Every structure is written in structure tokens, then in C-alpha cells.
Amino acid sequence: MIIRFSTIITAFLCIIAVKTNFADVTSAQMHSDTVVYIRAVEIYGNVTTRPEILKRFITFDIGDQLDTSALRVTRNNLIRTQLFEGVNVFPHIREDGAHVFIVLKEAVRLSLGYSGEYGTHKYGREKLWWSVHLDAGLHNFRGQFEDISGGVSFWERRGVRASWDKPFLSTPYSIGAAAAISIYPDEWLPLDYRDISARITAGRRVGRYSQVSLSAIPIMRHRTVREEIMLGNDATVIPLSTIPNIYEAFGVLSFVNDLRSSRFDPQKGWYLRNEIRTNRLYYDLTEPFVQFRNDFRYYLPMLFDDMMALRLSVTLRDSEAGYYHRLLYGDAGQIRGYNQKELGWNFIANSSVLISAKYHKPVWKAPALKMPLVNTVYSGVNEISYRLDAALIADYARLYKDPHGVLLFEGPAQSGMGFGGGIRIVIPEIRQSGCIDIVWGRKETLQGSSHEWKKVIHLYFDLFY
């Protein structure tokens, strides 16, 4: 296969020249008994992706008989990589045969993430605290589909993290590695923690839309005691100086099916992740357990470009995992209407179910504005537009003390629900979004005999749904 490269301008002029007679010539070819062979394949617009990588997704070669179905399959293969915003594959019939043109527009490779979190308790006392997280990732690193990313956190929660993932394109296999260190306070105990973790992953594609992976995740948690003792709810003395450091190693087996229309702001399709996790690889002072968790998301297009996002997540364990691994819910990534980790303190929860629904309605779209300076950060982006969406939100979660509580519907349980709305600003050219949600959560009064609805505001970047 011969691949020629040029600039986007050259490709644009080529398309104009070809399209003047493409329709008539192709129509005549389809109604002719003459066999046409491919004499040349020309690719334009692959600024980063290497030609030997692109060859793996092209289902035809020079010398093959021209087959329009092979052109369609090639286009679908390239779109499915998520590396290109635009893909055009078409033939131009000449005297010596067919010249196939592949014109690409690469998607944004750089992703920037900005997020923040806050807590209402620190060391068992009511105190508002904040943290800010900055993340950056580079997709298709070195033009070989590799992904590298890193991030930092500061203020009350401080830390650094980095990850690397690489597929072996000649095979269905991939590998990945990550490392992180984080320093943060406990919300309810006078302790500071320093977590150091790593991840090594091996994965394999299963069909076009699925992947299975196996990971080993060693974790070390070091604690610093700020007070020697504290009083429990029943006035008992808890000797914190005896709380040890934690050393664990998890094994994680996951299976992912991804049939979303896009990984950023999907408008249709579904996503399912099933994960089995256990600390039986190594555990010292923690309780051994096996945990199953699923995350199912369904995107349903509605009338007038509206969209409904649905989510179901279930957690099950084979035994009680203890205080260190108790389930705590709250905040924008789980059940809104509650502060971070606010739900789940009535007992040590070991299983849970989460149901969420979010209805998005576009209310305004700004015309695109030319911004040449954006190209210095996001290659190929010279103009920016943004869209304003309104949303209705409904969340529900229920936590069970029993490891099999979700299946048995018995044992101590705590539930929470939230209803509200939100505004979302989406910048599709650089795949960024910002959200503000105002949700009222149903909470017990101090007496515990009735309920009240309290408002919680969530600010976050990027889309959880």
C-alpha cells in the first residue's frame, strides 16, 4: 500500500477536484460489468497517527478489486477508534483504475480536567474544607494509540498521580501502569492519611465493543494520629494510637462493554462495566472479602435533541469488609443532594444499589467563534462554540449492612434520595464541560422521627453521566 501525506489544504483541494465528477463516474461504474481495481490509496489529515497504524484499520489494498462495502467498513473502523472527528473514504475512477482517498480530521488529543471537592467534617468536628484537582491527558501519544495522563491535588487533599496505557495493535492485547500518592484528613477520626498505590494491568479486546482486563493494585496507607484518644457515641474511649498502618494488594477482574455513540457527551447507546475485586492477594490487618460491582449507563435520545441518561450501580460482597472498606455515598459522582460521604454512617455498609436519571435539554447554542490561539494547545482546533443545557435530576441510593442485603431485602439499611435541576455548559470542540447542580436531598431530622429536604449545590467539570 502506498500512502502519501500532505496538508489539510491539499486534501481540501483534492476533494473539490474529485467531487466534480465523482457521482457520475461512480454511478456509471456500479452499472458496468467492467471490473475496476484499486491503483492508489492516498491519505490526508493524519497529523499525528502513524501510517503503519492506520493500515491496520484499512480493509483494502492496492491491486484489490474496488468494493464499496470495504470502503464503508474502513470508515467505520476509523471512526470507532475515537481518534478522528471526521472520516471520508471515497474512490475516484481514472483511466488506470480507482484512486481511493481517505481524508481525516483528527480529534482533540489533549484533555484537561479541573475539579474540586469539599467536606463538611474534619477530625470528627464540623468544619468546611476544600481541595482542587487538576488533570491532563494526552491521547494517541507518539501516534500509536498510547495514552498518558497525570494530575495534582492541593489544599486539604494533596497528591500526585500518573498513568500510561498502551495497546499492542497487531494483537488484541494491551498493558497499563499507574502510580499515585495522596495525603488527606479523615472526616470523622482525628487521623491524617498518606496513601501510596500502584496499578499494573493487562487487557484483551473481545470483539469490537468489549474488553476484559486483569489488574494488581498494591496499596499502603500510613496514618498519623493527631489525638491519642477520642470518645465514641456511647462515651467509650477509642485508643487511636493503636490504629495500625494498612498494607493490602487487590486483584481486579473487569469486563467492559462500550456501545456509546461517543465517550464524551454520548447521545445514545449504552455502557456496562462489571468488576470483581478482592484483597486476598495480600491483606494484613484488614478483613478479607470479595466484591462484585457493576455500573450500567443507558443514553436514550428524545425529541428536540433532548437526551435521557440512566444509571444503575450495584455492589455486593461475600462477607463484611470492616470499617476501613465501609461504603459511603454522597456528592456529584454518586447520589446528589448530599455532601461527600454523608450517607452511610448509621452502620458499616457492605452492599448498595444506586439509581440515577438525568434529563438534558439544549436551550441555547452559541455560534462558533474563530480563536486561532486555541490551536497552540488543541491541535486542529481554530474555532470554539459552546452549548447550554438544562437538566432535571433524580437520584436514589440504598445501603445495606448485610453483604447480601441487596439480594435479600433484609437487615439494617439506610436510603437517600435527591431531586433537583442543573445547568451544563458544553464545549464540544475541546471535549470539556462544566456543571452546576442544585439538588434537594431527603434527610432525617435530629429527632429521627421525620424528614426534611435540604439543598446542596454541586459544581464539577466533565460529565459523570
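Bear in mind these aren't lab numbers, they're just calculated from the coordinates by the rules spelled out. Bear in mind that the values here come from a model prediction, so they are computed numbers and not experimental data. Methodologically, a virtual Cβ is constructed for each residue, glycine included, from the backbone with ideal geometry; neighbour enumeration extends over all protein chains shown.
Are any residues in the stretch 265-289 part of a loop (DSSP other than H, G, I, E, B) and either in contact with a Ser or Thr (Cβ under 8 Å, 6 or more places away or on another chain) or surrounded by fewer than 15 Cβ atoms within 10 Å (Cβ to Cβ) (or both), and if so, which ones?
Within the stretch 265-289, the subset part of a loop (DSSP other than H, G, I, E, B) is 265-268, 284-289.
Matches in the stretch 265-289: D265, Q267, K268, D284, L285, E287, P288, F289.
Pick from R226, R204, R221, R208: which is in contact with a Ser or Thr (Cβ under 8 Å, 6 or more places away or on another chain) and either in contact (Cβ under 8 Å) with a residue 40 or more places away in the chain or among the charged types (D, E, K, R) (or both)? Break it down stepwise before answering.
On the way: R226 fails: in contact with a Ser or Thr (Cβ under 8 Å, 6 or more places away or on another chain); R221 fails: in contact with a Ser or Thr (Cβ under 8 Å, 6 or more places away or on another chain); R208 fails: in contact with a Ser or Thr (Cβ under 8 Å, 6 or more places away or on another chain).
Every option except R204 fails the conditions.
Could you say whether any residue in the stretch 109-116 is crowded, with 16+ Cβ neighbours inside 10 Å and not in a strand (DSSP E or B)?
yes
I'm checking my understanding of the structure. Among residues of the stretch 36-76 that are among the aliphatic types (A, V, I, L, M) and free of Cβ contacts under 8 Å to residues at least 24 places away in the same chain, which one is nearest to E146 (Cα to Cα)? Steps first, please.
First, the residues of the stretch 36-76 that are among the aliphatic types (A, V, I, L, M): 36, 38, 40-41, 43, 47, 53-54, 58, 62, 66, 70-71, 73.
With the extra rule that they be free of Cβ contacts under 8 Å to residues at least 24 places away in the same chain, the set shrinks to 70, 73.
Values: A70: 27, V73: 23 Å.
So the residue we want is V73.
Output the number of residues of the stretch 83-121 satisfying the condition of being at positive phi and either touching a Pro at 6+ places or on another chain (Cβ under 9 Å) or aromatic (F, W, Y) (or both).
Of all residues in the stretch 83-121, those at positive phi come to 97.
Keeping just the survivors that are either touching a Pro at 6+ places or on another chain (Cβ under 9 Å) or aromatic (F, W, Y) (or both) gives none.
Adding up the residues that qualify gives 0.
Does any residue in the stretch 260-283 that is closer than 30 Å to Y247 by Cβ come within less than 7 Å, Cβ to Cβ, of a residue that is of a type in the set (D, E) six or more places away or on a different chain, and which pairs are these?
R273/D295; N279/E248; Y282/E248; Y283/E248
Within the stretch 206-222, how many residues are of a type in the set (K, R) and surrounded by fewer than 16 Cβ atoms within 10 Å (Cβ to Cβ)?
Looking only at the stretch 206-222, we keep the residues that are of a type in the set (K, R), and these are 208, 221.
Narrowing further to those that are surrounded by fewer than 16 Cβ atoms within 10 Å (Cβ to Cβ): 208.
Of the residues in the stretch 206-222, 1 are of a type in the set (K, R) and surrounded by fewer than 16 Cβ atoms within 10 Å (Cβ to Cβ).
Just name the residue that is surrounded by the fewest Cβ atoms within 10 Å (Cβ to Cβ) out of those in the stretch 139-190 that are farther than 30 Å from W345 by Cβ and of a type in the set (K, R).
In this case the residue turns out to be R142.
Would you mind listing the strands (runs of 3 or more DSSP E) fully within the stretch 127-226 where at least 3 residues are polar (S, T, N, Q)? It would help to see each step written out before you state the result.
Values: elements: 146-155, 158-167, 173-185, 191-206, 210-225.
Result: 210-225.
Considering each of L399, L407, L369 in turn, give the residue that is over 30 Å from L112 (Cβ atoms), loosely packed, with under 15 Cβ neighbours inside 10 Å, in contact with a Ser or Thr (Cβ under 9 Å, 6 or more places away or on another chain) and hydrophobic (A, V, I, L, M, F, W, C).
Working: L399 fails: loosely packed, with under 15 Cβ neighbours inside 10 Å; L369 fails: over 30 Å from L112 (Cβ atoms).
Every option except L407 fails the conditions.
Here are some conditions: (1) in a loop (DSSP other than H, G, I, E, B); (2) out of contact with any Asp or Glu (no Cβ under 8 Å at 6 or more places or on another chain); (3) within 29 Å of E126 (Cα to Cα). K341 meets all but one. Which one does it not meet?
The failed condition is (2).
Could you list, in sequence order, the residues of the stretch 136-160 that are charged (D, E, K, R) and farther than 23 Å from Y329 by Cβ?
Of the residues in the stretch 136-160, the ones charged (D, E, K, R) are 142, 146-147, 156-158.
If the condition is that a residue be charged (D, E, K, R) and farther than 23 Å from Y329 by Cβ, then R142, E146, D147, R158 are the ones that fit.
When you go through T59, T120 one by one, which is the residue that is part of a strand (DSSP E or B) and β-branched (V, I, T)?
Values: T59 fails: part of a strand (DSSP E or B).
On inspection, the qualifying residue turns out to be T120.
Does R297 fit the bill of being surrounded by 15 or more Cβ atoms within 10 Å (Cβ to Cβ) and within 19 Å of the chain's Cα centre (by Cα)?
Numbers: surrounded by 15 or more Cβ atoms within 10 Å (Cβ to Cβ): yes; within 19 Å of the chain's Cα centre (by Cα): yes.
When the stated conditions are applied, R297 passes them.
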